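I have placed the structure first, in the form of structure tokens, so that the comments after it can refer back to it.
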Amino acid sequence: MMSDQVASLIDLFVFKHQRVLEGLPQPTLHVIDSCSNRRRFQNGDLIFKQGDSPKGVFILKSGLVKIVYTSPAGQRTLVYIYKPGDWFGYRQALTMDNNQISAIAIEKVEVDFISNDDFIKLIEEHPKFSHNLLVTLSHEFTIWVKRLSLFTRLSVKTRLAICLLILHERFKSLGQEPTVILFSRPDLADFIGVTIESTVRALSEFKAQGLVAVRGRSIRIKDTQALYDSIGEV
């Protein structure tokens, strides 16, 4: 069971998309449901691609989705991992700028898709939904600032420990027991912003300390509290 300490740490880095639907009147919920279309993706499928024009908004119903940014020089950064209940793609739908990132399915994924036109209509005609969306966007900005300010001064091992705890919570949402993180070493490196070699070295240290079990791309945290305690002050 996750302790309050671990939950509080993870809370610093995760969005709260449950706020989008919070307190919405039944008619608004009905409109959202009626304009949503179910789509399915397999592991590794592109949900949308960086550089393409936005088509609409996605509500993740099952599975996980990773958000990836690739710089003009080809450097890849794994920006975020969405879990069921999260909304994504709505910033692009609001600005109509080309996608600045790519969204990629992790394992089997189901999403509800809302077209740009329907999404903008929801905002214009349902003020409570607009308010919730604004609150959610503001919270996301706070999360990005925290992540940038913290990660720039943390060691590789500390970054990896935090990211493993976040990934544990993400994969735990899929309902599999025991919780296993299915993540490649390149993805881990892209998530914490260091080289693959540094990531593998830090992961090996955690394994030697008995904090994690590693088999192929599968990672299982043996004791979330012990991994948290290894971080120290953040």
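Read-outs throughout are calculated quantities, based only on the coordinates presented, and are distinct from any laboratory measurement. No experiment lies behind these values; they were computed from the predicted model shown. Virtual Cβ from ideal backbone geometry, glycine too; neighbours counted across all protein chains shown.
Any idea what the dipole of the chain comes to, in debye rounded to 20, about its Cα centre with Lys/Arg Cβ at +1 and Asp/Glu Cβ at -1?
In total the dipole reaches around 640 debye.
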Discussion item. Based only on other Cβ atoms within 10 Å, what is the fewest-to-most ordering of ILE221, ILE104?
Written reply: ILE104, ILE221
Response to the item:
Relative to the chain, whose Cα atoms define the longest principal axis, helix 196-208 and its Cα axis are tilted in degrees, nearest 10, by 60 degrees
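Please compute the Kirkwood hydrodynamic radius over the chain, one decimal place, Å, based on all pairs of different Cα atoms. All intermediate terms of the calculation are to be shown ahead of the outcome.
Numbers: mean 1/r = 0.0533 Å⁻¹.
When all Cα pairs of the chain are included, the Kirkwood radius is 18.8 Å.
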Practice prompt. Give the residue from GLN225, SER149, GLN92 lying farthest towards the positive end of the charge dipole for the chain; charges sit on Cβ (+1 for Lys and Arg, -1 for Asp and Glu) and the dipole is referred to the Cα centre.
Written response: GLN225
Item to complete: List, in the order given, every pair from LYS83/LYS222; LYS55/LYS222; LYS83/LYS157 whose Cα-Cα distance in the structure shown is over 30 Å.
Response: LYS55/LYS222
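Past the 20 Å Cα-Cα mark, which pairs from LYS66/LYS172; LYS16/LYS207; LYS61/LYS172; LYS16/LYS128?
Pairs exceeding the cut-off: LYS16/LYS207.
To the nearest whole percent, what portion of all C-alpha pairs in the range 17-140 is separated by more than 26 angstrom? Before the final figure, lay out each step's value.
On the way: 1361 of 7626 pairs.
When all Cα pairs of the range 17-140 are counted, 18 percent exceed 26 Å.
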Discussion item. Under the rule of at least 5 residues apart or a separate chain, name every residue whose amide H is placed under 5 Å from the amide H of PHE48.
Written reply: ALA103
